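Structure first, commentary second.
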Amino acid sequence: RRTTDWRIASVHQAAARRLHDAVCGQASHGQTVRFISRHDVPLPLAVDYPDRLGIDRILGAYAASSRADLPAVVVDAGSAVTVDWIDVEGTFCGGAILPGLNLQSNARSGGTDALPQIRWDDGCEIRLPAKNTVEAIRSGILAAVAAGIDALIDRYLRTAGGSDDQVAVVVTGGDSPVLCPHLRHSHRHIPNLVCR
């Protein structure tokens, strides 16, 4: 009989602990359950505080570096949108963190009296110029996030002295299907990159 070995990687410590405890409570003999840390990932990190770097960013960068040519930009669009740079040697060189689509729409609806909450999973098409409030909020947030991602990619390219055709852009994360059509830079969409 085979046992299952569990490896948990999360930036949400309370949720990770609950998952760990639940799995351990059901574990069979010989089953191992442990958290993954940066030390488990063979990826050089050129950042000021490696121990503070989110394991999701490390795993996404590692997975992208094994699936794309280098240098590469890894965009992970979830609760936050991270835009990270991996240099030609395969070193994680840092990046930027933007508020994600839901975080921005929650801030807008929570900070105003009349603006509605926005759903991002309904497959609604974007019309520009927008013809109603929901479309206007959705298109404004998408334009801001996509432009931010494109501007960061441009900046990384200038810093590295490369051109658009010399860098792989990999996009992943739960909101990536919504964001991908709005990015100016050519990119490869790889769903569930961090899990891979």
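The apolar share of the surface of segment 120-196, taken as the fraction of accessible area on carbon and sulfur atoms (1.4 Å probe, ligands and nucleic acids excluded), comes to 52 percent. A helix-only calculation puts the chain at -11500 deg cm²/dmol for mean residue ellipticity at 222 nm, using -39500 (n - 2.57) for each DSSP H run of at least four residues, averaged over all residues. Think of segment 76-196 as having a plus end and a minus end, set by charges on the Cβ of Lys, Arg, Asp and Glu; of Val194, Thr82, Ala146, Ala146 sits farthest toward the positive end of this dipole. Extension gain, Val88-Ile36: 0.36 nm per intervening residue step, less the Cα-Cα distance, totals 16.2 nm.
As an exercise, identify the trypsin sites (Lys or Arg not before Pro) in segment 1-70 lying in DSSP coil whose Cβ has no more than 11 other Cβ atoms within 10 Å. Before the final figure, lay out each step's value.
Details: sites: Arg1, Arg2, Arg7, Arg17, Arg18, Arg34, Arg38, Arg52, Arg57, Arg67; in loops: Arg1, Arg2.
Counting only loop positions with at most 11 other Cβ atoms within 10 Å, the trypsin sites (Lys or Arg not before Pro) in segment 1-70 are Arg1, Arg2.
Cβ-Cβ distance of Arg67 and Ala16, R₀ of 25 Å, FRET efficiency by 1/(1 + (r/R0)^6): the value works out to about 0.50. Shape class for segment 72-196, computed from the alpha carbon gyration tensor (a ≥ b ≥ c): prolate, with a/c not under 1.5 and a/b above b/c.
Calculate the FRET efficiency for Asn106 and Leu43 from the Cβ-Cβ distance with a Förster distance of 35 Å, rounded to the nearest 0.05.
Numbers: r = 32 Å, r/R0 = 0.92.
Efficiency, from the Cβ-Cβ distance: 0.60.
Per residue, how large is the accessible surface of segment 1-117? Use a 1.4 angstrom probe and give square angstrom. Numbers along the way, then the final one.
On the way: 6850 Å² over 117 residues.
Value for segment 1-117: 59 Å² per residue.
The values are calculated or read from the model by the stated rules, or taken from the named source; none is laboratory data. These figures come from a predicted structure and were not determined experimentally. In this analysis, Cβ positions are derived from the backbone assuming ideal geometry, glycine residues included, and neighbour counts consider all displayed protein chains. SASA here: full protein model, heavy atoms, side chains in, ligands and nucleic acids out. Shrake-Rupley method; radii C 1.70, N 1.55, O 1.52, S 1.80 Å.
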